[in-house]
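What follows is a single structure, written as structure tokens, with notes after it.
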Amino acid sequence: MTTSLTLSNGRRMPQLGLGVYLVSDPAVCESSVTSALGAGYRLVDTAFAYRNERAVGRGIRASGVPSEEVFLTTKLWPSDYGYDKARSAIAGSLERLDCGHIDLLLQHQPVGDVLGAWRAMEEAVDAGTVRAIGVSNFRVDDLEKLLPKARITPTVDQVELHPHWQQPELLPYLGRHGIVAEAWYPLGHGSAKLLNEPPVVVAASAHGKSAVQVILRWHVQRGFVAIPKSTDPAHIAANIDVFDFELTEAEMAGIDALGKDKPMFRMPRWLMSAVMPLARPRPLP
Ligand SMILES: NC(=O)c1ccc[n+]([C@@H]2O[C@H](COP(=O)([O-])OP(=O)(O)OC[C@H]3O[C@@H](n4cnc5c(N)ncnc54)[C@H](OP(=O)(O)O)[C@@H]3O)[C@@H](O)[C@H]2O)c1
């Protein structure tokens, strides 16, 4: 079972969950979710843009774990921003997931009519269909624009975050505003370069764990939420088996020192702003 964090709205969020980005085969997505919940996960991270919300909902129901016990995250895509479009996009996600509610709804990217969509998200919290709201890929300048206009402060910012990219500017800002940092690419998208870093390999051998488990444990001890993606049942089970050991201060410092000055994934903001509000992924039937 994973540890959890308290969000600024008082709700608890597990620190480790399953990500399902690029899991586009509905049967594989459904069985990955079922297998994760069977292994003790209680957080699943999907998005409208992943085109697998229905499969995620089916996986949760097939697992036998009550949906009240599962922390379910989905995200709005910028083509659905603006007040009216966001309201109907939220209704669409609720219908496809079919779990009664969404625990955490994020804006996937900081482009387009962010403020209009935020108002619709706040109203969904008031209505009780969404329990917490947050953002993804927001930098400090994006948050500086949203926060003064927001009635509800974002609870979470989901961003690229792993030992090679530790968000040096954003993390202190999130800390000051009580916003939880959630890591996408927690394993650097499975990067061999990251997994073979000496401080990771040495800690893995000292604790009888794998490099992946050491990196996930680093996320937990840094106070992040991590959502590693896997469709392999053995990997899924191994990735949550990180609560029976602790990295020493020296091991944590060795991994902290791996930070580089650039993220792994980069898309120019002008391109994001030009393409994302227009390109609407087609949901699967
Ligand atoms: N908000 C955003 O813009 C955004 C962007 C990207 C991702 N995300 C979220 O973050 C999640 C994770 O990101 P990601 O999937 O790109 O990267 P990731 O979780 O860092 O890495 C996934 C890769 O690691 C491999 N892996 C997982 N566990 C392993 C293990 N125990 N041993 C060896 N290999 C292992 C997976 O392969 P196998 O399947 O073979 O195990 C896969 O190739 C996504 O699924 C999504 O929910 C959000």
Rg/Rh over Cα atoms for the range 175-285, Kirkwood Rh, comes to 1.04
Going residue by residue through the range 107-117, the Karplus relation 6.51 cos²θ - 1.76 cosθ + 1.60 with θ = phi - 60° gives ³J(HN,Hα) values, rounded to whole Hz and with x marking Gly or Pro, of 7, 5, 9, x, 10, x, 7, 4, 5, x, 5
At 0.36 nm per residue, and after removing the present C-alpha to C-alpha distance, how many nm does the segment from GLU68 to MET267 gain when stretched out fully? 68.0 nm
Relative to the longest principal axis of the C-alpha atoms of the chain, give the angle of the C-alpha long axis of helix 83-97, reported between 0 and 90° and rounded to the nearest 10°. 60
Report for the chain the percent antiparallel among DSSP-assigned beta bridges with both residues inside it, nearest 5. 15
Kirkwood Rh for the chain from C-alpha pairs, in Å, is 19.0
Quick one: with all protein chains in place, what share of the accessible area of the chain is carbon or sulfur, to the nearest percent (1.4 Å probe)? 55
For helix 211-222, report the angle its Cα long axis makes with the longest principal axis of the Cα atoms of the chain; keep it between 0 and 90° and round to the nearest 10°. 60
Stretchable slack from SER8 to VAL275, in nm (0.36 nm times residue separation minus alpha-carbon distance): 92.9 nm
Nearest 10 degrees, 0 to 90: what angle lies between the long axis of helix 26-38 and the longest principal axis of the chain (Cα atoms)? 60
For the chain: accessible area per residue (Å², 1.4 Å): 42
Value of relative contact order over the chain, rounded to a whole percent, pairs C-alpha under 8 Å and six or more apart: 21
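The values are calculated or read from the model by the stated rules, or taken from the named source; none is laboratory data. Here the structure is a predicted model, which is why all the values come from computation and not from measurement. Heavy atoms of the whole protein, side chains included, go into the accessibility calculation; ligands, DNA and RNA do not. Shrake-Rupley method; radii C 1.70, N 1.55, O 1.52, S 1.80 Å.
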